[in-house]
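The values are calculated or read from the model by the stated rules, or taken from the named source; none is laboratory data. Quick caveat: nothing in here was measured; it's all calculated off a predicted structure. In this analysis, Cβ positions are derived from the backbone assuming ideal geometry, glycine residues included, and neighbour counts consider all displayed protein chains. Protein only, heavy atoms only, side chains kept; ligands, DNA and RNA dropped before computing areas. Shrake-Rupley method; radii C 1.70, N 1.55, O 1.52, S 1.80 Å.
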Amino acid sequence: MKISELEDAVFSQKPTSSEHYDADYYTGDWRAEGNNYSLETRRQIEAKNPFLIKEIFQPKKVLDLGCGPGALMHLLLELGVDVEGIDFSVGSRSLATPEVRDLISIGNTFDHIKPDGAYDLVICREVLEHLTVLQIKKTVANMARMASKFIYCTTRFHPNPSNLLDFTTQFDVDPTHITLLNKDFLRLLFLLEGCRSRPDLEARLDWLNKGRVLVMEKQTMQI
């Protein structure tokens, strides 16, 4: 991809409005194999993920960035994890369980809603593919700002990038999957915010071998 083509692609992206993420988006039957965001469906899909998060990171305070209706928050709360969430959609709170509803703040993934270094683990799963490239850049910086130790992301990556900056879409799966990055490019964005890769932890969390897991550890830097 030529730099002019990349520039055109980046600046032509249109952010998805918060109104798109309504009750039908989260609980409708449009996804394959009955996949939706009801608590019990997510409990089955998550399987041992909440237990692995607690075991691997042993977090004292967790932020789920782009938490949706808060199903993962609920499952972590059941395990005694202190968790809060941020989501773009106003409807996410109304769809959340009573246990986590008041723990969800409404805002963009790149808004400075929470204090610096307030969470020893920031989670951002299946969110970045819904953002534009420019929004992802700001979101990565925001995660690094809020995290004091670990960042755990999952997202859908470009299946066959031609270069570091190549990105594509996946409209056939979800019309809001507008950015599938080169995985190394996402690592680079985190590196530039003072984070180092933890492939050992990625291997433990990616127990289904989907290749979507990224774990970064915040480093103490002197500039």
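Out of Ile223, Ile151, report the one residue that is at pLDDT below 95 and either touching a Lys or Arg at 6+ places or on another chain (Cβ under 8 Å) or not small (Gly, Ala, Ser) (or both).
One residue alone meets the criteria, Ile223.
Within the range 79-94, can you find the residues that are over 18 Å from the mean Cα position of the chain (by Cα) and among the β-branched types (Val, Ile, Thr)?
Val81
Which condition number in (1) assigned to a strand (DSSP E or B); (2) more than 25 Å from Lys54 (Cβ to Cβ); (3) hydrophobic (A, V, I, L, M, F, W, C) is the one that Val173 fails?
Here Val173 meets the rest and fails (1).
Select from the range 188-214 the residues that are open to solvent by 80 Å² or more (accessible area, probe 1.4 Å) and not in a loop (DSSP other than H, G, I, E, B) and write down the one among them that is nearest to Val140 (Cα to Cα).
Leu191
Which of the residues belonging to the range 1-15 are modelled with pLDDT of 80 or more and either touching a helix residue (DSSP H, G or I) at 6+ places or on another chain (Cβ under 6 Å) or closer than 20 Å to Asn163 by Cα (or both)?
Ile3, Ser4, Glu5, Leu6, Glu7, Asp8, Ala9, Val10, Phe11, Ser12, Gln13
Can you find a residue in the range 105-115 that is at pLDDT 95 or above, more than 21 Å from His74 (Cα to Cα) and over 17 Å from the mean Cα position of the chain (by Cα)?
Within the range 105-115, one or more residues are at pLDDT 95 or above, more than 21 Å from His74 (Cα to Cα) and over 17 Å from the mean Cα position of the chain (by Cα).
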